[in-house]
1. For the chain, take the alpha-carbon Rg, divide it by the Kirkwood Rh, and send me Rg/Rh.
2. Report the per residue volume, in Å³, of the convex hull enclosing the C-alpha atoms of the stretch 9-174.
3. Report the local net charge at residue 274: Lys and Arg +1, Asp and Glu -1, summed over other residues whose C-beta lies under 12 Å from its C-beta.
4. As an exercise, use a Förster radius of 41 Å and the Cβ-Cβ distance of residue 304 and residue 271 to find the FRET efficiency, rounded to the nearest 0.05.
5. If you put +1 on each Lys and Arg Cβ and -1 on each Asp and Glu Cβ, how big is the dipole of the chain around its Cα centre, in Debye rounded to 20?
6. Please report, in whole Å, how far the alpha carbons of the stretch 178-222 spread along each principal axis, starting with the longest.
7. If you take every DSSP beta bridge whose two residues both sit in the stretch 189-314, what share of them, in percent to the nearest 5, is antiparallel?
8. Treat every Asp and Glu Cβ in the stretch 183-303 as -1 and every Lys and Arg Cβ as +1, leave all other atoms uncharged, and give the resulting dipole magnitude about the Cα centre to the nearest 20 debye.
Amino acid sequence: MKKYTYTEMKDTRSGFGDGLTELGGKNPNVVALCADLTGSLKMNDFEKNHPDRFFQVGIAEANMMGIAAGLTIGGKIPFTGTFANFSTGRVYDQIRQSIAYSGKNVKICASHAGLTLGEDGATHQILEDIGLMKMLPGMTVINTCDYNQTKAATIAIADHKGPVYLRFGRPKVPVFMPTNQPFEIGKGIVLNEGTDVTIVATGHLVWESLQAAEKLESEGISAEVINIHTIKPLDEEIILKSIKKTACIVTAEEHNKYGGLGESVARCLSQNMPTPQEFVAVNDTFGESATPAQLMKKYHINDEAVILAVKNVLKRK
């Protein structure tokens, strides 16, 4: 088993900010819009270096989506920035009508997603956003796992034609993905090969799954870990290839168990290769105020929860 280590911890939102800054210097058509959260979204450098291409919309997220849609008509590539809750739930009508319906080339970039927003509490900890966005026809949905992957994804989506939802987080997490790994939309990554069980993870749960796999190996259980950074389009090929070996699967995500990665995988399995599956996700509830680690433990979305799910699914093989 490959051992994953890290030398630093960084927040994924900084990966977005640095990726956007790099894009600004390379592509004059890239523009950025923010809803009064420039610092939180790490968009300060882009604003400083490209003031003529940065639009501070204020606390008017619906207007931001409409402006972004309009900018695409002139050939611009708009990146919108605000919290995930405000990027989706607050403006779903505008995204559906003005962006998705006509396939506008808008990149909806959403920080502070999931329970790991922490102390801000349930009103801001959106756990439904992946489901909301993946149901929109033509919408690409990406959920990155660390700083390096978030930066690479930010740069990659500028070349993708069509609307994209890019989801990332607030807390500092281990940086373990290679700095030079190209980001391919819709292509999962096998991080660890195994023969007993497949663990398919996304976002912050990728690192938790790697830690779980290491502990499982000490118990004689061989886990294959796959980083599914793109929820839609889903890399069905990599999942089906893995379960041909393992014959069971665990999905792990920082999202409600309804509507997220787990349900997309379940659909894939039911249509192609019915397989025992366990879900590591929030069990249809709102969050609360606490530290990210406390919340991940209480709501069963950490490495301990992955280990328990693996042992449960192995009994069903």
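Nothing in this text is a laboratory measurement; each read-out follows from the coordinates by a stated rule. Computed from a predicted model, the values in this text were never measured in an experiment. As a convention, Cβ positions derive from the backbone with ideal geometry for all residues, glycine included, and neighbour counts pool all protein chains shown.
1. 0.97
2. Values: hull volume 15.8 nm³, N = 166.
Spelled out: Cα convex hull of the stretch 9-174, divided by residues, is 95 Å³.
3. Working: positive: 267, 316; negative: none.
Neighbourhood net charge equals +2.
4. Details: r = 32 Å, r/R0 = 0.77.
FRET efficiency, residue 304 to residue 271: 0.85.
5. Numbers: 33 positive and 35 negative charges, 113 e Å.
Result for the chain is approximately 540 debye, rounded to the nearest 20.
6. Computed over the stretch 178-222, the largest-to-smallest principal extents equal 34, 18, 17 Å.
7. 20 percent
8. It comes to approximately 220 debye.
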